[in-house]
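Engineer: So that we are looking at the same thing, I have put the structure below in structure tokens.
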Amino acid sequence: MARFSVRELGARTWPDFVRIMEKHNGVWGGCWCVAFHLTRAEENKWAGRHRELKERLVQANRSHAALVYDGEDVVGWCQFGPPAELPARMGGFVRLGVAPPDWRITCFFVDRDRRNEGIAEAALAGALRMIASKGGGTVDGYPIDTRGKPYSSSFLWGGTELMFAEAGFRTVGKKFVVNQGRSLASPGGCSSGRRGGERSRRSPD
């Protein structure tokens with residue numbers, strides 16, 4: 001992973017993000033990584049206009065991602081943000097009777113020509129560093145349990161449970177949650193090595 005660098009998605013890196021998106025036809029049927037930005041009520045409004053929405057959000061600093069670079073090219077990313085930016089699929093927290101997280105890690109993407117090189121792991125590590133730099137707090141994720149199951153790497157949009165466990169996340173119900181970079185750690189977490197932060201992880205509703 002040493003050859004990779006990680007930069008945050010923003011106005012300056014938007015053109016690099018567009019290049020990898022266009023190479024993959026907007027990713028997952030034209031999602032443009034906006035699915036978690038949309039509530040059910042908003043989905044029809046933005047149907048067919050995902051690129052427009054994503055650019056608006058990025059320019060307004062309301063869409064975050066850790067972009068993994070090899071040289072000048074983005075080869076993958078991890079999307080993250082607070083629940084106010086990523087409101088989709090929040091119902092599980094109410095059912096579990098636990099407080100919602102401060103931050104969410106919702107999805108990953110890796111260039112189809114660059115898989116199995118540790119890019120997703122670099123993206124996750126980068127996202128957690130960025131979250132810590134923004135004040136930290138609890139973080140949830142949506143990893144996929146691949147143990148004993150045949151999975152195509154192209155469908156591992158949430159990352160793998162092993163990857164999240166190695167990053168220090170723990171389970172809460174069927175969720176994976178972590179406290180990252182904050183001195184107030186929730187009970188039962190494991191040390192992240194960053195200012196007493198603690199991590200945990202969460203899976204989809």
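Read-outs throughout are calculated quantities, based only on the coordinates presented, and are distinct from any laboratory measurement. Predicted model only: the values in this text are computed from it and were never measured. For neighbour counting, all protein chains shown are included, and Cβ atoms are generated from backbone atoms with ideal geometry for every residue, glycine included.
Engineer: Fewest Cβ neighbours within 10 Å first, please rank Tyr69, Tyr142 accordingly. Working shown, then result.
Structural biologist: Numbers: Tyr69 18, Tyr142 22.
Neighbour counts put them in this order, fewest first: Tyr69, Tyr142.
Engineer: Return the long-range amide H neighbours of Asp140 (sequence gap of 5 or more, or a different chain), with a cut-off of under 5 Å between placed amide H atoms.
Structural biologist: Long-range HN contacts for Asp140: Trp103, Arg104, Ile105, Val178.
Engineer: Could you order the peptides 56-62, 31-37 from most to least packed, using the average number of other C-beta atoms within 10 Å per residue?
Structural biologist: On the way: 56-62: 13.9, 31-37: 21.0.
Those peptides, ordered most packed to least, come out 31-37, 56-62.
Engineer: May I ask you to list the GluC sites (Glu not before Pro) in region 33-76 that are in a DSSP loop and have at most 12 other Cβ atoms within 10 Å of their Cβ? List each step's numbers first, then the result.
Structural biologist: On the way: sites: Glu42, Glu43, Glu52, Glu55, Glu72; in loops: Glu72.
Sites meeting the loop and neighbour criteria: Glu72.
Engineer: Mind checking Rg over Rh on region 1-44, alpha carbons, Kirkwood formula for Rh? Show your work: numbers first, answer last.
Structural biologist: Values: Rg = 13.3 Å, Rh = 12.4 Å.
That ratio is 1.07, to two decimals.
Engineer: Which aspartates and glutamates have a Cα less than 16 Å from the Cα of Lys54, not counting those fewer than 8 places away in the same chain?
Structural biologist: Here the aspartates and glutamates satisfying the reach criterion relative to Lys54 are Glu8, Asp16, Glu22, Glu42, Glu43, Glu85.
Engineer: Now a separate question. Determine ³J(HN,Hα), in whole Hz, for all residues of region 32-37 in sequence, where each value follows from phi through the Karplus function 6.51 cos²θ - 1.76 cosθ + 1.60 and θ = phi - 60°; x replaces Gly and Pro.
Structural biologist: So the J values, rounded to whole Hz, are 6, 6, 10, 4, 7, 7.
Engineer: Using only Cα atoms, figure out Rg for region 1-126 and give it as a multiple of 2.2 N^0.38 Å.
Structural biologist: Ratio of Rg to 2.2 N^0.38 Å for region 1-126: 1.07.
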